[in-house]
1. How many residues does the range A:100-122 contain that are within 13 Å of chain B (Cβ to nearest Cβ) and over 20 Å from A:Ser198 (Cα atoms)?
2. What number goes with the only condition from (1) without any contact (Cβ under 8 Å) to a residue 12 or more places away in the chain; (2) under 19 Å from A:Arg4 (Cβ atoms); (3) crowded, with 18+ Cβ neighbours inside 10 Å that B:Cys57 does not pass?
3. Going through the range B:60-87 one residue at a time, which ones are more than 12 Å from chain A (Cβ to nearest Cβ), aliphatic (A, V, I, L, M) and touching a Ser or Thr at 6+ places or on another chain (Cβ under 7 Å)?
4. Scan the range A:16-37 residue by residue and report those that are in contact with a Ser or Thr (Cβ under 7 Å, 6 or more places away or on another chain) and not aliphatic (A, V, I, L, M).
5. Restricting attention to the range B:74-107, which residues are assigned to a strand (DSSP E or B), touching a Cys at 6+ places or on another chain (Cβ under 8 Å) and over 17 Å from A:Val185 (Cβ atoms)?
6. Could you pull out the residue among A:Tyr180, A:Tyr173 that is more than 18 Å from A:Asn35 (Cβ to Cβ), hydroxyl-bearing (Ser, Thr, Tyr), free of Cβ contacts under 8 Å to residues at least 12 places away in the same chain and surrounded by fewer than 21 Cβ atoms within 10 Å (Cβ to Cβ)?
7. State all residues of the range A:86-120 that are charged (D, E, K, R) and either touching a Leu at 6+ places or on another chain (Cβ under 6 Å) or within 18 Å of A:Val31 (Cα to Cα) (or both); if no residue qualifies, say none.
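Read-outs: derived from the displayed coordinates by stated rules, not from any lab. This is a predicted model, so every value here is computed, not measured. Quick reminder, even Gly has a Cβ in these numbers, built from the backbone with ideal geometry, and neighbours come from all protein chains shown.
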Amino acid sequence: MKQRVEIVKRIMDSNDRLAQNNQAVLYRNQVYGINLMASPGAGKTSVILETIKRLPATIKLGVIEGDTAPVTIDSDKIAAAGIPAVQINTGGECHLDANMIELALAQLPLEALNLIIVENVGNLICPAAFQLGTHANVLIASIPEGDDKPYKYPNIYRGLDVLLINKIDLSPYIDFRMDYFQQGVEMLNPGLKTFALSAKTGEGFDAWIAWLTDKIITK
Amino acid sequence: MHELAVTESILKIVLESAQKNKATAVTDITLTIGSLSSIVDDSVQFYWNYVSQGTICENAKLHFNRVRATLKCLDCDTTYSLIDDLTPCPSCGSINVIILSGEEFQVDHIEIIKEETNQDETTR
């Protein structure tokens, strides 16, 4: 006997439920969580290091590093800055998921932290599909990547809470139409909070740090 | 390629539902995938053949119901579909738009084979 069974279930449902658990853990510990996404080379680690340098000393930060291979280059840099860092080797997977974050959170001294930055795997497609349970999805778009990225990767722009436009010090040398870029962003995510900055020169960081500091609960 | 993780998730959803309905085999699976969801059908099909091996879903046919992105202009009320890239309102050029569809990503329904059940048992 053949029968049709209606399901209508979102495919990402089980990941999203795990993400909600992670969010509950963060809330309980009063830790603000950021899921930092970008393409490879956009400056994720540099932005994190510059952010660490500029945050008030009262804010205690932990970092979760996602990498597709067992290299600790990024987490070594973070650890060298005196910050607790957990490395997740995704074993070739192109993204972090809520389950990996659950395991990583268990390795961090959450009760002593105010902020966690998750450095996702460098990729503009896959991380967009997997909620992690952090409070804010933040994307770094760097100017050398080109101004067409919102048009080519609409999905990741849809789910963002903050956009950081990095490497603005390179503006004089690169044909990046800021208005065209921002038009795409505006269509996908109207009114998206955006900060233009440079991790190299520090330009624009004050506004980003002020926004971030404002979100964090000091214990 | 996150399609492997996604395909495993599809299998889990389908198996749960099939078992609940006492299926002996699943023959067809219909998925709805919006064009903004950045999922590649071919990759899902490729991984499907691999992850479904040895389950009651082995040999099930995947059907992709592709939904084109539809946008609505909030300035002039024009509704338009995206053929390819993201574009402003074709009528008035506004970027004050909302996305109505195109982000779907779900398992819609499945076709299963069931053992003929005893009529007495089902009506009792």
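1. In the first step, residues of the range A:100-122 are kept if they are within 13 Å of chain B (Cβ to nearest Cβ); the result is A:100, A:120-121.
Then keep just the ones that are over 20 Å from A:Ser198 (Cα atoms); that gives A:100, A:121.
Final tally of qualifying residues: 2.
2. For B:Cys57, the failing item is (1).
3. Answer for the range B:60-87, where residues must be more than 12 Å from chain A (Cβ to nearest Cβ), aliphatic (A, V, I, L, M) and touching a Ser or Thr at 6+ places or on another chain (Cβ under 7 Å): B:Ala60, B:Val67.
4. A:Gly33, A:Asn35
5. Going through the range B:74-107, the residues assigned to a strand (DSSP E or B) turn out to be B:79-81, B:97-101, B:105-107.
With touching a Cys at 6+ places or on another chain (Cβ under 8 Å) added as a condition, the list becomes B:79-80, B:97.
Correct list: B:Thr79, B:Tyr80.
6. A:Tyr173
7. Let us first name the residues in the range A:86-120 that are charged (D, E, K, R), namely A:93, A:97, A:102, A:111, A:119.
Answer for the range A:86-120, where residues must be charged (D, E, K, R) and either touching a Leu at 6+ places or on another chain (Cβ under 6 Å) or within 18 Å of A:Val31 (Cα to Cα) (or both): A:Glu102, A:Glu111, A:Glu119.
Yes or no, residue by residue, for (1) more than 18 Å from A:Asn89 (Cα to Cα); (2) surrounded by fewer than 23 Cβ atoms within 10 Å (Cβ to Cβ):
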| site | (1), (2) |
| --- | --- |
| A:Glu102 | no, yes |
| A:Leu108 | no, yes |
| A:Val121 | no, yes |
| A:Cys126 | no, no |
| A:Phe130 | no, no |
| A:Gly133 | yes, no |
| A:Val138 | yes, no |
| A:Ala141 | yes, no |
